[in-house]
1. Between residue B:98 and residues 5 or more places away or on another chain, which pairs have amide H atoms under 5 Å apart, with H built 1.01 Å from N, and which residues are they?
2. With respect to the symmetry axis carrying chain A onto chain B, which residue of chain A exhibits the smallest Cβ distance to that axis, and what is the value in whole Å?
3. Kirkwood hydrodynamic radius (Cα pairs, Å) of segment A:107-213?
4. Residue by residue through B:246-252, how many Cβ atoms from other chains fall within 10 Å of the Cβ on average?
5. Can you pull a Stokes-Einstein diffusion coefficient for chain B at 37 °C (0.692 mPa s), Rh from Kirkwood over Cα pairs, as a whole number of µm²/s?
6. Please report B:48, B:217 as a ranked list, fewest other C-beta atoms within 10 angstrom at the top and most at the bottom.
7. Based solely on C-alpha atoms, express the radius of gyration and the Dmax of the protein assembly as shown in angstrom.
8. Quick one: A:71, A:283, fewest Cβ neighbours within 10 Å first, how do they rank?
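Derivation of every value follows stated rules applied to the coordinates shown; laboratory data play no part. Owing to the predicted nature of the structure, the values given are computational and were not obtained by experimental measurement. All Cβ positions, glycine included, derive from the backbone under ideal geometry; neighbour counts span all protein chains shown.
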2 protein chains.
Amino acid sequence: MTTSIALLGTGLMGLPMARRLLGAGHRLTVWNRDGSKAAPLAGDGARVADSPSDAVNGATHIITMLTDGAVVAHVLFETGVAEAIDSGATVIDMSSIQPSQARAHAERLSKLGVFHLDAPVSGGTGGAEAGTLAIMAGGDREVFDNASAVLGAMGRAIRVGPSGAGQLAKLANQAIVGIAIGAVAEATLLVSEGGGDLEAFRAALAGGFADSTILQVHGQRMQANDFAPRGRVSVQIKDLDNVLIEARALGIRLPLVEAVRDRFVRLMNELDGGNLDHSALFVELLDLNGRKPAPRV
Amino acid sequence: MTTSIALLGTGLMGLPMARRLLGAGHRLTVWNRDGSKAAPLAGDGARVADSPSDAVNGATHIITMLTDGAVVAHVLFETGVAEAIDSGATVIDMSSIQPSQARAHAERLSKLGVFHLDAPVSGGTGGAEAGTLAIMAGGDREVFDNASAVLGAMGRAIRVGPSGAGQLAKLANQAIVGIAIGAVAEATLLVSEGGGDLEAFRAALAGGFADSTILQVHGQRMQANDFAPRGRVSVQIKDLDNVLIEARALGIRLPLVEAVRDRFVRLMNELDGGNLDHSALFVELLDLNGRKPAPRV
């Protein structure tokens, strides 16, 4: 069976993902609500569709890369898309949405004979351009296996469980990132207040038990007082809120997520930090300690 | 000048460190309070001394690898060692002690014309055997440079600042480790309660922003319910207490360290977990959520 892919949502992430799919030799139709963001892909060999239901016509794999669960639900179920998808085709939702929403979408599509994978990603626009995204997939193993050539063009895909598990893994990923930023902020404050050299500190820890990308990358941003947004505080809060919604649904408490979430909220509401990079939790910690950030290096 | 090294304390860490020094061709004298632990090194070419003051006689570099600050102070200043050290020699204290103690030792030795580096390590017995320890050194740059051949035989040494900064970096290292274990515990609980595959979850995150040695190593221990001690809960608490003592001395608060420290204490006092591996913070989180650990895999 020839693979024919539709990609709905050619924003910051979807655009480079589309280019990776074309580069791997896939037949691709794209659609975006703001058509001007999809138009450039015509030059790369994509067909640019006028409507999402037109885009999915005849596709074996339908990739959605949209803002949130509400937008995914709207595009799939309120624009004629679900009905226009061929029976036996697979929807691969790579947007970051709630696990419960992903499971609901899988169920609704299943009644139409359409398969579903939730497959959110980590790695940002750099990973999307390089085709090195970490793809966390939830759904039936057979459906996952049948989508491997499509997913493989965009990154390293691993099936982490049944429907919804991909979104759950993404939430757990975001929980670790948020708490790790808090840990690195405290280590950075301790070393700098004690007169240590922060750059040498990070170099000394490289490769050890306390090392992480967050230590090296976000720790450097804290030292440089450079909080231009790559991962925005407001988005980090949305992610942690989603973690806590899911935790409540599962009947569990996650005390560190709760504590860090409240501090990101304080950073946004009391310190006007909503549009800063999430490494600016360091600024909140400084404030908590009656200290001001050093002048920008 | 020929390097002649004395190493005081040939325990779990000091013994393989001594072997690395001998392997690098250094002349080495060793001493240990329980002499039976030093005796085997005679077979590797070390001179085994009867007393610490005998051991340091004529040494250009004196390495201490002892239990804590009190023991280091006792051996250096109450057994005749400080007076027996040649003027111009360097004491390299690789024990993990308080930064304030390290600064005090440096000052006292300085009055005798003896140099001092605090140079605690990370990497465990495996790193000591392989000569790949992460060595975080505090002290004057010249003194550090003059000790580079000695330190280089045991691992990768980086000067992180003036006297005390090595100990400070080690504390910051331990703070990150403790909080990271808490983060991985919450991610692990979330994924497992939501029906995800934990092994696939860790594989999916490998190389990404949320990845760390703690996720891969301690996350696996949590999944396997395998809490045989490598890093003991009681030691993790001692480390975090030392972090908080130093933070108080600096006039700062570290809220995540405080929160995680209290939970390790609860694990020790209420759940009898003092002798478990520090990854057993997962057991405390399970208990907090009214859940029991799965049977040992």
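1. Hits under the 5 Å cutoff: B:69.
2. Of all Cβ atoms in chain A, the one nearest the axis gives A:212, 2.
3. Value: 16.3 Å, from the Cα pair sum.
4. So the per-residue partner count for this stretch is 5.
5. Here the translational diffusion coefficient equals 161 µm²/s.
6. Going from sparsest to densest Cβ surroundings: B:217, B:48.
7. Both quantities, over Cα of the protein assembly as shown: 27.7, 89 Å.
8. Exposure proxy ranking, most exposed first: A:71, A:283.
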